[in-house]
Amino acid sequence: MNRNYLLCFHDFSVWNYETITPILRELRDLAGSPFSVLVIPGTEGASEEAIEGFRKTLAELKDEGFELALHGYMHKAEFSQGRSYAGLAAMVLTNREAEFAGLTEYESSRVLQQAISAWDKLMNCASEENDGSAIRPSAFIPPTWYSNKFLPRQVKGAKMTYESRFALTNTRGKKIISPVASFAGIPKNTEKMMMALARAFLKLPVGTPRVALHPCDFPHLRDNIRDLIRIGLSTRKIIRYSDL
């Protein structure tokens, strides 16, 4: 059995692409392979210059072999009457980042379509000027992994792999158990424990674990993450959502 894992960089946006792009390339060089980048497509409030720079950078990363996935719409949301009590609680816990938490079927579909439209505007605005091919997201990952019962089916209908906190569901509907190690939003005194857990995931003889990196991990966890990727090099192969 092949031993694989997903190396994923979350929260790549118009607001941070200039500082994060060099980190992506540094990690690629260390890992020996490009990996999955989770894109926040919403650009509301950004300058045209920044948006164009972001668009150009995404095209360059795609050409360099990075896989681009869709990571919500704005990664922020307002409190809404269209949320369950559990969804409202998730919003409080995540400082309003749980964009899809507890939404009704209609609201979930509406925000998902906003995300897809923002992606198309960002990635495919010039598609009519080239060969007509469009860049599609390989997967959809709801911000903070909080979701609602309608979203997995809606994502499948849009022909994307769906990621939850503990599993992946590919476009054919196959569910894959996938433990995730993430260092964002946890207390500083638990980072060492999570890093140890990530190393354990990579050394397991089975499964398809994920290492979910975030901009806030850098620079203070940079050396630890580099060591983690080295462990990955010796134990597993990096795959992409499109390989599932």
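The values are calculated or read from the model by the stated rules, or taken from the named source; none is laboratory data. Computed from a predicted structure; not experimentally measured. Methodologically, a virtual Cβ is constructed for each residue, glycine included, from the backbone with ideal geometry; neighbour enumeration extends over all protein chains shown. Quick note on the areas: whole protein, heavy atoms, side chains included, nothing else; ligands and nucleic acids left out. Shrake-Rupley method; radii C 1.70, N 1.55, O 1.52, S 1.80 Å.
Among the residues of region 76-111, none is identified as more than 22 Å from the chain's Cα centre (by Cα) and on the phi > 0 side of the Ramachandran plot. So the check is Cβ under 7 Å with 6+ separation or different chains; which pairs have a first residue in region 200-225 that's hydrophobic (A, V, I, L, M, F, W, C) and a second one that's in a strand (DSSP E or B) and open to solvent by 70 Å² or more (accessible area, probe 1.4 Å)? The qualifying pairs do not exist here. Restricting region 221-235 to residues that are open to solvent by less than 20 Å² (accessible area, probe 1.4 Å) and at pLDDT 95 or above leaves a set whose member that is farthest from residue 190 (Cα to Cα) is 229. The set of residues in region 1-51 being under 16 Å from residue 123 (Cβ atoms), in a loop (DSSP other than H, G, I, E, B), in contact with a Leu (Cβ under 8 Å, 6 or more places away or on another chain) and open to solvent by less than 20 Å² (accessible area, probe 1.4 Å) consists of 41 alone. Of all residues in region 158-171, those that are part of a strand (DSSP E or B) and either among the acidic types (Asp, Glu) or under 21 Å from residue 89 (Cα atoms) (or both) total 1.
The set of residues in region 72-107 that are touching a helix residue (DSSP H, G or I) at 6+ places or on another chain (Cβ under 8 Å), of a type outside the set (D, E, K, R), in a loop (DSSP other than H, G, I, E, B) and closer than 21 Å to residue 158 by Cα comprises 72, 73, 75, 98, 100, 101, 102. Filtering region 169-180 for residues that are out of contact with any helix residue (DSSP H, G or I) (no Cβ under 6 Å at 6 or more places or on another chain) and open to solvent by less than 20 Å² (accessible area, probe 1.4 Å) leaves a non-empty set.
Screening residue 65 against (1) in contact (Cβ under 8 Å) with a residue 60 or more places away in the chain; (2) touching a Ser or Thr at 6+ places or on another chain (Cβ under 8 Å) leaves a single unmet condition, (1).
Residues that are open to solvent by 60 Å² or more (accessible area, probe 1.4 Å), at pLDDT 95 or above, farther than 21 Å from residue 35 by Cα and among the charged types (D, E, K, R): does region 129-138 have at least one? No - not one qualifying residue is present in region 129-138.
Taking residues in region 136-163 that are over 15 Å from residue 97 (Cβ atoms), and partners anywhere that are part of a strand (DSSP E or B) and among the acidic types (Asp, Glu), the pairs with Cβ atoms closer than 8 Å and at least 6 places apart or on different chains are 138/67; 139/163; 140/163.
Taking the listed residues 184, 198, 212, the one that is in contact with a Pro (Cβ under 9 Å, 6 or more places away or on another chain) and either open to solvent by less than 10 Å² (accessible area, probe 1.4 Å) or not in a loop (DSSP other than H, G, I, E, B) (or both) is 198, with no other qualifying. Residue count for region 52-68 satisfying the condition of being part of a helix (DSSP H, G or I), farther than 23 Å from residue 113 by Cβ and among the hydrophobic types (A, V, I, L, M, F, W, C): 2.
Pairs linking a residue in region 23-48 that is in contact (Cβ under 8 Å) with a residue 24 or more places away in the chain and aromatic (Phe, Trp, Tyr) to a residue that is surrounded by 13 or more Cβ atoms within 10 Å (Cβ to Cβ) and in a helix (DSSP H, G or I), with Cβ atoms under 8 Å and 6 or more positions apart or on different chains, are 35/27; 35/28. Taken residue by residue, region 149-157 has at least one member that is in a loop (DSSP other than H, G, I, E, B) and either open to solvent by less than 40 Å² (accessible area, probe 1.4 Å) or not aromatic (Phe, Trp, Tyr) (or both).
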